[in-house]
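A.B. asks: Quick one: the structure is below, and I'll ask about it shortly.
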Amino acid sequence: MKAGTNLEKILESGKFAVTAEAGPPKGTSPAVMLKKGEALRNCCDAANVTDNQTAIVRMSSLAGSVLLKQQNVDPVMQIVCRDRNRLAIQSDVLGAIALGVGNFLCLSGDHQKFGNHPTAKSVFDIDSIQLIQTLKNMRDEKKFICGEYISGEVPMYIGAAANPYADPFEFRVTRLAKKVKAGADFIQTQAVYDVAKFAKWMEMAVDRGLDKKTHILAGVIPIRSAGMARYMRDYVSGVSVPDEVVTRMEQAANAKEEGATIAVELIEQVKEIPGVHGVHIMAVSWEDIVSEIAKRAGLLPRPIL
Amino acid sequence: MITITEQKPIEEIMQSLGTAKKVYLVGCGTCSTICHTGGKSEVLDMKEKLEAAGKKVTGWMVVPTACDELTKYALEEQAGEVKKADAILAMTCAFGVQTLAMFTDKPVYPALNTLFVGKEEAPGQFIEVCMQCGNCVLATTAGICPLVRCAKGLLNGPCGGSVEGKCEVSPDIPCAWQLIYDRLAALGKLDELEEIVPLRDWSTSREGGPRRITIE
Ligand code: SF4
Ligand code: SF4
């Protein structure tokens, strides 16, 4: 075991994993995280805590992760390269480990232009692939980037993201391979709606043997309304929502119900694709639905290891 | 290669000038003339605006190249009018502003924002292609600079926001890494993208005060 987290145990034992997402509040209240922890505790194996997602300032992912951990939810602490340089990132990782966080997800981070501080100076001292490498080196060699030794144990289970829908398509598997080579133990993908394209990407990943070297979790974003479906189709770069999904949402008598049904169907489909080892359900500000979706998709109860 | 400038808002210029009543104007015959920010006609426009705002313009000149040492002699030639002024307003890039400040004891205020060192892509269209990072990576990026042309300065791109050749930041910005990918593909060198580019040494960049070098 690299970190002995619940997520690692599930994935390494070959079980189909379920991860979820819990965004920290735009404020100081721990109650928000506790409530999300409550909603997610029994329906996922671990929950990602986002790091100033979409460049909007929120409670830190480190604090959010600790709050989830106190709720007996295994946190996946997200780290973006936009806001911190190599010193800050390494020190946060040390602190997170000291406080019991074991899973880390390495991301570039959305550009600050999209957030609520568009005049900020971004950092990008290192990129997401170099961040994976950095964490792996901290864990396996017990060394900082500069080569000096870290005192104490450095248990970490290292994750990264992948977007099969970004361009150039042929490069997407190369990029995945680079992340695996850098040390990604697990991968969470961008939301899947176009299953055929995702399956093609998975096939290329399996051809390169990447499913044997990492655990790929397919991303699922349940859609709450027709407006959200249209917004994601038209404005969210790197997400591909087919018109058919938008139409279904528009015609549904109960949009939330339909959104959950679409998510369940997607999970059932991606589960059958060779090499997929789990799903990552990102129900942003709709954590309550995760349990229903997981249940209807036959993923409950979660195994206790 | 030219230094690209744009004029600051007139309110900001007025604020910089503050109580300075009498102003001497300097334009530049090189980069800011090409950018239409500090050539003769822009200097005369500015003169009018200042006068309309109740300032007195004691004189003006467009020096051939404001960043050049010769600016010193131009100032000396105009000593009479410069002396009468409370401040100099420089319609030059920041190199020119700093050169002027070296050779006069009058306060020198910038009328322009210096945007970047760029090249002309098409008539009147300028693009930044290098930010003088001090540790050039063009050898592995098909001659396209990822530090300035990728919105995140990524070395292992393209990131997950690259769609149909455009950067996630704006549909008007080509994704630098798509450009690099296409050029490497044309060169038959796509396999180079399999390599992980290690962490960068930024110490050659803007990290330790002004960079200096003495050429023997
Ligand atoms: S890497 Fe880019 S910024 Fe650095 S010297 Fe080369 S072209 Fe200029
Ligand atoms: S879309 Fe392309 S240019 Fe924009 S940040 Fe990503 S890799 Fe860089």
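The values are calculated or read from the model by the stated rules, or taken from the named source; none is laboratory data. Nothing here was measured: the structure is a model prediction, and the numbers come from that model. In this analysis, Cβ positions are derived from the backbone assuming ideal geometry, glycine residues included, and neighbour counts consider all displayed protein chains. To get the accessible areas, we keep the full protein, side chains included, count just its heavy atoms, and leave off ligands, DNA and RNA. Shrake-Rupley method; radii C 1.70, N 1.55, O 1.52, S 1.80 Å.
A.B. asks: Assuming A:Phe124 fulfils every condition listed in (1) touching a strand residue (DSSP E or B) at 6+ places or on another chain (Cβ under 8 Å); (2) at positive phi apart from one, which condition is it?
C.D. replies: The number of the failed condition is (1).
A.B. asks: From the list A:Val290, A:Val270, A:Val264, A:Val241, which residue is within 27 Å of A:Asp211 (Cβ to Cβ), open to solvent by less than 50 Å² (accessible area, probe 1.4 Å), free of Cβ contacts under 8 Å to residues at least 60 places away in the same chain and assigned to a helix (DSSP H, G or I)?
C.D. replies: Result of the check over A:Val290, A:Val270, A:Val264, A:Val241: A:Val264.
A.B. asks: Restricting the search to the stretch B:23-54, which residues are of a type in the set (D, E, K, R) and surrounded by fewer than 21 Cβ atoms within 10 Å (Cβ to Cβ)?
C.D. replies: B:Lys40, B:Asp45, B:Lys47, B:Glu48, B:Lys49, B:Glu51
A.B. asks: Could you check, for the stretch B:155-174, whether at least one of its residues is part of a loop (DSSP other than H, G, I, E, B), within 14 Å of ligand 1 (Cβ to nearest atom) and buried (at least 22 other Cβ atoms within 10 Å of the Cβ)?
C.D. replies: Yes, the stretch B:155-174 contains at least one residue that is part of a loop (DSSP other than H, G, I, E, B), within 14 Å of ligand 1 (Cβ to nearest atom) and buried (at least 22 other Cβ atoms within 10 Å of the Cβ).
A.B. asks: Looking at (1) open to solvent by 20 Å² or more (accessible area, probe 1.4 Å); (2) closer than 30 Å to B:Leu199 by Cβ, find the lone condition where B:Thr65 falls short.
C.D. replies: The number of the failed condition is (2).
A.B. asks: Continuing with the same structure: Among the residues of the stretch B:136-150, which ones are among the β-branched types (Val, Ile, Thr), open to solvent by 20 Å² or more (accessible area, probe 1.4 Å) and near ligand 1 (Cβ under 8 Å from one of its atoms)?
C.D. replies: Within the stretch B:136-150, B:Val137, B:Val148 meet the criteria.
A.B. asks: Okay, next question. Is it true that A:Ser91 is in contact with a helix residue (DSSP H, G or I) (Cβ under 9 Å, 6 or more places away or on another chain) and either open to solvent by 40 Å² or more (accessible area, probe 1.4 Å) or not basic (Lys, Arg) (or both)?
C.D. replies: No.
A.B. asks: Here is a follow-up. Can you tell me which of B:Ala94, B:Ala74 is assigned by TED's automatic domain parsing to the domain that holds B:Gly39, within 18 Å of the chain's Cα centre (by Cα) and away from ligand 1 (no atom under 16 Å from the Cβ)?
C.D. replies: B:Ala94
Each row is one residue, and each column tells you yes or no for (1) open to solvent by less than 10 Å² (accessible area, probe 1.4 Å); (2) within 22 Å of A:Ile79 (Cβ to Cβ); (3) touching a residue at least 60 places away in the same chain (Cβ under 8 Å).
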{"residue": "A:Ser151", "(1), (2), (3)": "no, yes, no"}
{"residue": "A:Phe171", "(1), (2), (3)": "yes, no, no"}
{"residue": "A:Thr174", "(1), (2), (3)": "no, no, no"}
{"residue": "A:Val192", "(1), (2), (3)": "yes, no, yes"}
{"residue": "A:Lys212", "(1), (2), (3)": "no, no, no"}
{"residue": "A:Leu217", "(1), (2), (3)": "yes, yes, yes"}
{"residue": "A:Ser225", "(1), (2), (3)": "no, no, no"}
{"residue": "A:Ser237", "(1), (2), (3)": "no, yes, no"}
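A.B. asks: Moving to a separate point now. Of all residues in the stretch B:175-191, how many are open to solvent by less than 30 Å² (accessible area, probe 1.4 Å) and either within 14 Å of ligand 1 (Cβ to nearest atom) or in a loop (DSSP other than H, G, I, E, B) (or both)?
C.D. replies: Total meeting the criteria: 4.
A.B. asks: Here is a further query. Can you name the number of the only condition in (1) modelled with pLDDT of 95 or more; (2) within 7 Å of ligand 2 (Cβ to nearest atom); (3) closer than 23 Å to A:Gln188 by Cα that B:Ile196 fails?
C.D. replies: B:Ile196 satisfies all of (1) modelled with pLDDT of 95 or more; (2) within 7 Å of ligand 2 (Cβ to nearest atom); (3) closer than 23 Å to A:Gln188 by Cα except (2).
A.B. asks: Go through the residues of the stretch B:118-135 one by one and say whether even a single one is within 11 Å of chain A (Cβ to nearest Cβ), exposed (fewer than 13 other Cβ atoms within 10 Å of the Cβ) and part of a strand (DSSP E or B).
C.D. replies: No, the conditions are met nowhere in the stretch B:118-135.
A.B. asks: Which of the residues spanning the stretch A:105-149 are assigned to a helix (DSSP H, G or I), at the interface with another protein chain (Cβ under 7 Å from one of its Cβ atoms) and either open to solvent by 20 Å² or more (accessible area, probe 1.4 Å) or at pLDDT below 95 (or both)?
C.D. replies: Within the stretch A:105-149, A:Lys113, A:Gln133 qualify.
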